[in-house]
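Down below is the structure, laid out as structure tokens.
The values are calculated or read from the model by the stated rules, or taken from the named source; none is laboratory data. Being a predicted model, the structure only gives us computed values, none of them experimental. A quick note on method: Cβ atoms are made from the backbone with ideal geometry, for glycine too, and the neighbour counts reach across all protein chains shown.
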Amino acid sequence: MEREPRAEKASVVEDVRERFGEAEAVLVTEYRGLDVSQMAELRAALRDADTIYKIYKNTLVRLALAEGTPESLLEMLVGPTALAFVEKDPGAAAKALKEFASTNEVLIIKGGLLNGEVLDEAQVRELADLPSRDELLTSLAGGLAAPLQQMASMMNNLLSEMANLLQSLSDKAGTAPESEVPAEPAADDAVTAEDPVDESPVEPEVPAEPAADDAVTAEDPVDESPVEPEVPAEPAA
């Protein structure tokens, strides 16, 4: 049974526990055989991938891990162990480890922990072959840029066609025949200031007098004797 850590080691245990809780992923390696310059080179490569590379004693790491940690992960804590705590992109960190191990065979990739799932060495190498987050974003941006470029080209073509149409209409308007000016009236029909105007008043028409035979004049006497009533005729005897 392992003894409880001393007070001076308690801070190390707490540091390991916090890093496991905050990391996006934790990759387990064995660094046996790496010299100081190689270790510095590896740390720099992982730092570029937003990953911190730390060396702890295996006993302190086991104490830091909460109960229920998969046994397969604890089995990796054998020999000189260094842990890569990934802050952002697990694929980028795995790629950095794989590339370094390809030229420094003494570095052994054992596995790791991602989203609570234990990864073996083969899975970490597969993770390294996936596009990194930056590569995915670049690819996505390129895919979005292509339709935008096509749309911009279509808009430019449309504007060019409209400009040509307006220019054509303008050219046609410039060559249109001038509107006809109505002819002036003939000299004989025109009224000019030299022709005098008859301004004499128009005399009103006098109605015609009745005929002499039908007219009643003051010289003809009027029969004013009373008219006797007619007596009806008597019937025959």
Residue under evaluation Val26, criteria (1) surrounded by 15 or more Cβ atoms within 10 Å (Cβ to Cβ); (2) in a helix (DSSP H, G or I); (3) touching a residue at least 12 places away in the same chain (Cβ under 8 Å); (4) touching a strand residue (DSSP E or B) at 6+ places or on another chain (Cβ under 6 Å), criterion not met: (2)
Selected residue (criterion: surrounded by the fewest Cβ atoms within 10 Å (Cβ to Cβ)) from residues of region 93-118 that are without any contact (Cβ under 8 Å) to a residue 12 or more places away in the chain and not in a helix (DSSP H, G or I): Gly116
Selection from region 62-74 of residues that are out of contact with any strand residue (DSSP E or B) (no Cβ under 7 Å at 6 or more places or on another chain), part of a helix (DSSP H, G or I) and within 22 Å of Glu87 (Cα to Cα): Arg62, Ala64, Leu74
Total residues in region 32-53, condition farther than 20 Å from Leu127 by Cα and surrounded by 17 or more Cβ atoms within 10 Å (Cβ to Cβ): 1
Which listed residue is at pLDDT below 95 and either surrounded by 15 or more Cβ atoms within 10 Å (Cβ to Cβ) or closer than 16 Å to Val28 by Cα (or both), from Asp129, Asp89: Asp89
